[in-house]
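Heads up: the structure comes next, in structure tokens.
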Amino acid sequence: MTYDFAPLFRTAIGFDRLARLVDTASQSQGSSGYPPYNIEKTGDATYTLTMALAGFGPDDVELTLADNTLTIKGSVPTQSTTGEWLHRGIATRAFERRFVLADHIEIGDAQLVNGLLTVSVRRVTPEALKPRRIPVTVGEAPRVETTAPSEAPAELDHAA
């Protein structure tokens with residue numbers, strides 16, 4: 001079953017990221033699940049994305065970050081075997097995975113070790129959004145002086 005959210009987004013302004021998120025989620029419903037991956041929360045503001053990439057080398061994998069979307073693409077590695085396959089159970093097909101990131105998410109390093117691609121991710125709160133303490137000073141209450149129009153200073157009357 002598919003849903004058409006176009007009427008909703010035709011009348012909304014400024015929800016472009018939400019529209020892309022819904023579109024990406026609806027497209028990924030039919031994806032094959034290849035390659036498998038884990039997303040682990042490793043701290044209050046840190047995460048680790050681990051993707052199983054058996055048979056891929058660092059030159060076969062490309063990570064791109066654009067518009068709050070992390071895209072991981074894998075190209076088919078070159079085969080160096082000259083023999084005949086009797087059984088081929090390790091999938092080495094091209095893939096593309098997209099992960100929509102929340103605001104203020106930074107991608108750290110990416111390492112490919114023993115067939116596992118590990119990407120470190122962390123949430124960074126900008127200074128403007130961090131809670132800050134407003135200092136309270138001790139002093140006199142400000143005095144507000146008011147003068148009635150009939151009590152105008154004498155200098156002003158003589159100047160006219």
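Things to note:
- Every pair of different Cα atoms in the range 24-145 enters the Kirkwood calculation, which places the hydrodynamic radius at 18.0 Å.
- Surrounding net charge for Thr46, when Lys and Arg each add one and Asp and Glu each subtract one, Cβ distance under 11 Å: 0
- Radius 15 Å from Cβ of Tyr37, net charge of other residues (Lys, Arg +1; Asp, Glu -1): +2
We did not get these values from a lab; they are worked out from the coordinates using the rules stated. Quick caveat: nothing in here was measured; it's all calculated off a predicted structure. In this analysis, Cβ positions are derived from the backbone assuming ideal geometry, glycine residues included, and neighbour counts consider all displayed protein chains.
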